[in-house]
Amino acid sequence: MVKINRTFVEGLTLEEKAALVTGHDFWFTAAVPGVDKMMMTDGPSGLRKQADDADALGLNDSVDAVCFPCSALTASSFNDDMLMQLGENLGIAAKAERVGVLLGPGVNIKRSPLAGRNFEYFSEDPLLAGRMGTAYVKGVQSQGVGVSVKHFALNNRENQRFTNSSNVDERTMREIYLAQFERIVKNAHPATIMCSYNKVNGTLNSQNQRLLTRVLRDEWGFDGLVMSDWGAVADHVAALQAGLDLEMPGKGAASVDEIVEAVKDGRLDEEVLNKSALRVLRMVAKWQTKGAVESYDKDAQHEFARKLADDSIVLLKNEHGELPLDKRSSLAVIGELAARPRYQGGGSSHVNAHQVVTPLEAMPQTASYAQGYQLSNNVVDDDLMAAAVNLAQQSQQVVYFMGYPEEMESEGFDKTTIDLPENQVALLNKLVQVNHHVTVVLQNGSVVAMPWAEQVNSIVEMYLAGEAVGEATWDILTGKVNPSGKLSETFPLRLADNPTYPTFDSEQNEENYHEGLFVGYRYYDSKQLPVRFPFGHGLSYTTFSYHDLKVMTKDDQVQVEFQLTNTGNLPGKEVTQIYVGNRVSKVEKPTKELRDFVKVSLEPGESKTIRRTLERRAFAWYNVTEKRWEADNGRYEIYVGSSVEDIRLQQSFDYELGQDPLQKVTAETYVADIVNHQSPKIKAALEQTGLGRQLTAILQSDSAQIFENIPLRSLVMAYIDPQVVRKFIELANA
């Protein structure tokens, strides 16, 4: 085997180097003397290795593989261990099929509920997306298969995704849209990063040197390969100069020729080409799998898909103990989605599923079924509706399957509504009139509006639950499994409540992030706007109590400790969530932000002490002026609860391990900030210059509030000598 190093690259011809940085075809890298080509393929929720001629969007059949739940559901597990196991299973499948790099996970933030690819992304929160993505990457790569974390960055809409510009301020970009990528790069060391189609602030991401080189490599220390999304390269030479290493899928001889010509005429430094070619070769050397395709235990993977869905499904509502179902009651199962379930997303993530078990096939033998509506259209079918209503009238309990048809949710386009099809809602309105024990089971890729929610006793969110959808559905409904999933995104009362509603998809070429930091729950919670179901929400068939919160600072960390008790009669799991509220930094902040979580399993009556450590970054914000993360000394709130709204414990404390929020005194510094500041240096400067006595006199007058709210440079209004103010500023900053 050849030794891959700079000397080897320098010994290649210019044409061979150019071929290396160009995808040979849809799924393979180019081969050069001594190095074979390597295959990569889609796989966020299951291996999609093409069995026949390659194509970009899965128009041809792919190999038989287990279809796992989509990321929208797996994130609802809030379970790092389960995501690690998901990655391991995907890695086993990819390695057996001789795939070197699996294209996933997708970790973009769910900014708008209309975004067409939300089913393939984890969350509206960067901590949750980052933790789930980190576990997934570690799992896949533990099996000797690389990953490509995507889509870097700010790919938050599908319409005009090849050309539109995501326009966002620096602090929002760092804190919301890049944070999950940063966490994964630093903690999981992915083999590759895939750049997205879109522009950021006017610069195409495949040519965005700031993102691909200065942030990704220079700041975060990424040492892997950067590849393009399929067809994302507009100018291959400019992309290489910006830090892109591999164009996929490549344009054949044209791609090679353009690179060769650019080097020969001086537009591209050959050393830049050498660096990218070497990264491609190192990727192939590290992640290439050889030999014949092998078999692996797909039945065992199917059982894991079921277990993962069981751990992730969210019980949204359960009035009057409607669930688990009463085994003695007659049961009506209604809805075409029971027979033809939505269990995976459309587009490049589509898997040729190994063994789909439908809810109809898995339902109790004593249950009866009625189709109720047609998925193929939105029109009420009177005969189907009448038969379903009649069955519901004759039954003691009803399980009604609702959701989006596949054509409503896919890669490549955004939705126009979050309302369910009219024929499904019309049937629900009839069912609740004849039966007061209706459970709605949802199959959908993202947020659903539920103006009908108060009419039913129970609602179960399945998302797209993978090929074991039928078994997992009844595991939860019958109580075989106690639900423990929590929402990884907010369900608003209506689409118009979402902060992106006025502007999302409103311009063809520009997507302006006017809401800034206030994405998802950060907006609803800070605005105190009612929602249908909040971020982090999910019910159980048992109950939990939280008590005895302790918050302690130690070294450069904050220790949070509390007791959790299962106060019900069933074993269960609870996702405990820790939020931080910043009350000191003089920048806009959400009311609270998720900073840690842990899933805990408890037997009835059992208590556990939960101890978690929050690092300095949990209290930090990105200071654009100083170009650094900054945690300020002062007052913070710790919130512990079962959702962002269901806070069970709360404690204020002073954090003294960060930066002084008044790091530099200037003529623009306000009087209130000076007089309220307790540092010895400020006090000494006030005393030495005599400014302290003058300010004390002013602030004891009737005009105190007015003078607190003026900068130092304006103290001339109070006949304070500007020379005294300048001397104070000098001493305060000494």
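Antiparallel beta bridges, as assigned by DSSP with both residues in the chain, represent about 60 percent of the total such bridges. Think of each Lys and Arg Cβ as +1 and each Asp and Glu Cβ as -1; about the Cα centre, that makes the dipole of region 620-683 roughly 240 debye. Estimated from the Cβ-Cβ distance and a Förster radius of 35 angstrom, the FRET efficiency linking Asn390 and Thr417 is about 0.70.
Taking every alpha-carbon pair in region 119-160 and binning the separations at 5 Å intervals from zero gives 5, 18, 27, 25, 14, 8, 2, 1 percent.
Pair-distance distribution of region 115-237: all C-alpha pairs, bin width 10 Å, starting at 0; shares per bin in whole percent are 13, 47, 35, 4.
Structural descriptor for region 176-306: relative contact order 21 percent, calculated from alpha carbon pairs under 8 angstrom and at least 6 residues apart. Computed across region 176-216, the Kirkwood radius stands at 11.0 Å (inverse of mean 1/r, all Cα pairs). Take the convex hull of the alpha carbons in region 172-302; its mean projected area over all directions comes to 10.9 nm².
Of the peptides 87-99, 481-493, the ranking by mean beta-carbon count within 10 Å, highest at the top, reads 481-493, 87-99. Computed on the Cα atoms alone, the convex hull of region 624-734 gives a volume of 155 cubic angstrom per residue.
Modelled spin labels at Ile706 and Asp223, positioned 7 Å past Cα toward Cβ, are 6.4 nm from each other. Global dimensions of region 321-383 from alpha-carbon coordinates: Rg and Dmax equal 14.7, 44 Å. Computed over the alpha-carbon pairs of region 229-322, the distance histogram in 5 Å steps reads 2, 10, 13, 14, 10, 7, 8, 8, 8, 7, 6, 4, 2, 1, 1, 0 percent, short to long. Convex hull volume of the Cα atoms of region 277-361, normalised per residue: 199 Å³.
Placing unit charges on each Cβ (+1 for Lys and Arg, -1 for Asp and Glu) gives the chain a dipole about its Cα centre, and among Leu216, His677, Val314 the Cα reaching farthest toward its positive end belongs to His677. With Cα extents along the principal axes in Å in mind, check (i) 87, 70, 58; (ii) 79, 66, 56; (iii) 88, 73, 47 and report the label derived from this structure. Given (i) 87, 70, 58; (ii) 79, 66, 56; (iii) 88, 73, 47, the structure-derived one carries the label (iii).
The simple spin-label model puts a point 7 Å past each Cα toward its Cβ; for Glu10 and Glu507 those points are separated by 4.9 nm. For region 1-54, the Cα-based Rg and Dmax, in that order, read 13.8, 40 Å.
Computed FRET efficiency, Cβ-Cβ of Gln723 and Asp556, R0 51 Å: what is it to the nearest 0.05? The value I calculate is 0.80.
Oblate is the label for region 77-122, because a/c, from the alpha-carbon gyration tensor with a ≥ b ≥ c as root eigenvalues, is 1.5 or above and a/b does not exceed b/c. Rounded to the nearest whole angstrom, the semi-axes of the ellipsoid equivalent to region 94-167, taken from the Cα gyration tensor as √(5λ), stand at 25, 15, 9, largest first. Projecting the Cα atoms of Ala453, Ser368, Thr490 onto the charge dipole of region 360-516 (Cβ charges, centred on the Cα centre) puts Ser368 farthest toward the positive pole. When +1 charges are put on Lys and Arg Cβ atoms and -1 charges on Asp and Glu Cβ atoms, the dipole computed for region 148-201 relative to its Cα centre reaches about 100 debye. Pairwise inverse Cα distances across region 396-535, averaged and inverted, put the Kirkwood hydrodynamic radius at 16.9 Å. Computing Rg and the Kirkwood Rh from the Cα coordinates of region 540-694 gives a ratio, Rg/Rh, of 1.12. Over region 1-158, with a single point scatterer placed on each C-alpha, what log10 of the ratio I(q)/I(0) does the Debye formula yield at q = 0.09, 0.14, 0.17, 0.18 1/Å? Listed by q, the Debye log ratios stand at -0.34, -0.77, -1.02, -1.09. From the P(r) of region 150-222, can you give the percent of Cα pairs sitting at distances over 17 Å? Every Cα pair in region 150-222 considered, those over 17 Å come to 39 percent. Over all projection directions, the Cα-based convex hull of region 477-531 averages an area of 5.8 nm². Using only side-chain charges placed at the Cβ, +1 for Lys and Arg and -1 for Asp and Glu, the dipole size of the chain relative to its Cα centre rounds to 1960 debye. Size descriptors for region 558-628 (Cα atoms only): Rg and Dmax, in that order, 16.4, 55 Å.
Evaluated at q = 0.13, 0.15, 0.19, 0.20 Å⁻¹, the base-10 log of the normalised Debye intensity for region 320-466, with identical point scatterers placed on the Cα atoms, takes the values -0.56, -0.74, -1.18, -1.29. Take the Cβ atoms of Val379 and His514, set R0 to 41 Å, and the FRET efficiency comes out at 0.60.
Coordinate-derived values only; no laboratory data. These numbers were taken from a predicted model, which means no experiment stands behind them. Counting neighbours? That spans all protein chains shown, and the Cβs are built from the backbone with ideal geometry, glycine included.
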